[in-house]
């Protein structure tokens with residue numbers, strides 16, 4: 001049995017001079033109601049912050065608060081299944097069940113793969129990747145901009161570094177992430193265990209959708225995380 005749907009129209013009118021808000025709700029032409037909500041002057045109407053992940057570090061930038069720190073992880077580089085993104089795994093995981101699923105997606109720790117590029121100031125090749133989730137309490141939007149190290153006017157730079165993803169000829173695809181320009185390796189993890197991998201991103205060649213001149217083939221692509 002189908003029930004007759006009602007047309008619901010909501011109109012929000014906020015009056016700051018009187019420190020009050022008016023909500024008008026019209027459900028049908030025959031049923032019109034209004035609700036007035038008084039908001040104290042000391043209550044801010046701004047957002048309560050925005051969160052972002054800093055890859056390659058275990059501490060948040062100045063002005064941002066720690067949500068949690070952990071270890072980067074993801075699917076194995078030569079497996080076609082699993083997830084298509086990196087994850088920042090907390091240092092103190094909680095489990096709901098002790099039973100093992102019969103079929104599953106698989107998760108592995110992540111390693112840097114800069115080889116001998118000399119791009120990083122320290123050698124972190126094959127080290128596992130730390131990460132931290134941060135909250136910028138006075139901001140409402142976070143944005144990652146590729147090929148930039150500075151933010152647009154009016155935006156705050158949280159951190160900058162290099163665009164990373166999985167290697168072009170590996171089985172696994174992964175979303176691009178911005179890795180800190182001076183990453184730390186987790187101590188005692190330099191063994192080559194593979195898993196999820198962080199590779200630099202570079203243009204194969206310019207003039208194939210991206211013009212030569214501003215874009216240069218072969219160079220590591222930069223990135224910046226901005227908040228506003």
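The values are calculated or read from the model by the stated rules, or taken from the named source; none is laboratory data. Everything quoted here is computed from the prediction, not taken from an experiment. Glycine gets a Cβ as well: all are built from the backbone with ideal geometry, and neighbour counts include every protein chain shown.
Looking at this structure, is residue 178 modelled with pLDDT of 95 or more, in the same structural domain as residue 86 (by TED's automatic domain parsing) and assigned to a strand (DSSP E or B)? So residue 178 passes the test. Exactly one residue out of 63, 74, 49 is under 21 Å from residue 163 (Cα atoms) and either modelled with pLDDT of 85 or more or touching a helix residue (DSSP H, G or I) at 6+ places or on another chain (Cβ under 8 Å) (or both), and it is 74. Would segment 98-121 turn up any residue that is surrounded by 13 or more Cβ atoms within 10 Å (Cβ to Cβ), assigned by TED's automatic domain parsing to the domain that holds residue 188 and free of Cβ contacts under 8 Å to residues at least 12 places away in the same chain? Within segment 98-121, not a single residue is surrounded by 13 or more Cβ atoms within 10 Å (Cβ to Cβ), assigned by TED's automatic domain parsing to the domain that holds residue 188 and free of Cβ contacts under 8 Å to residues at least 12 places away in the same chain.
Residue-by-condition table, conditions (1) outside the structural domain of residue 114 (by TED's automatic domain parsing); (2) on the phi < 0 side of the Ramachandran plot; (3) surrounded by fewer than 16 Cβ atoms within 10 Å (Cβ to Cβ):
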residue: 150; (1), (2), (3): no, yes, yes
residue: 168; (1), (2), (3): no, yes, yes
residue: 196; (1), (2), (3): no, yes, no
residue: 201; (1), (2), (3): no, yes, no
residue: 213; (1), (2), (3): no, no, yes
residue: 225; (1), (2), (3): no, yes, no
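Scanning segment 203-228 for residues that are assigned to a strand (DSSP E or B) and either touching a residue at least 60 places away in the same chain (Cβ under 8 Å) or within 18 Å of the chain's Cα centre (by Cα) (or both) yields a total of 8.
Return a yes/no flag: does segment 167-175 have any residue that is farther than 19 Å from residue 57 by Cα, out of contact with any strand residue (DSSP E or B) (no Cβ under 9 Å at 6 or more places or on another chain) and not in a strand (DSSP E or B). Within segment 167-175 (the criterion being farther than 19 Å from residue 57 by Cα, out of contact with any strand residue (DSSP E or B) (no Cβ under 9 Å at 6 or more places or on another chain) and not in a strand (DSSP E or B)), the answer is yes, since at least one residue qualifies. When we screen 117, 140 for residues that are in contact with a strand residue (DSSP E or B) (Cβ under 8 Å, 6 or more places away or on another chain) and farther than 30 Å from residue 216 by Cβ, the only hit is 140.
This table checks each residue for (1) surrounded by fewer than 18 Cβ atoms within 10 Å (Cβ to Cβ); (2) assigned to a loop (DSSP other than H, G, I, E, B).
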| residue | (1), (2) |
| --- | --- |
| 68 | yes, no |
| 72 | no, no |
| 79 | yes, yes |
| 83 | yes, yes |
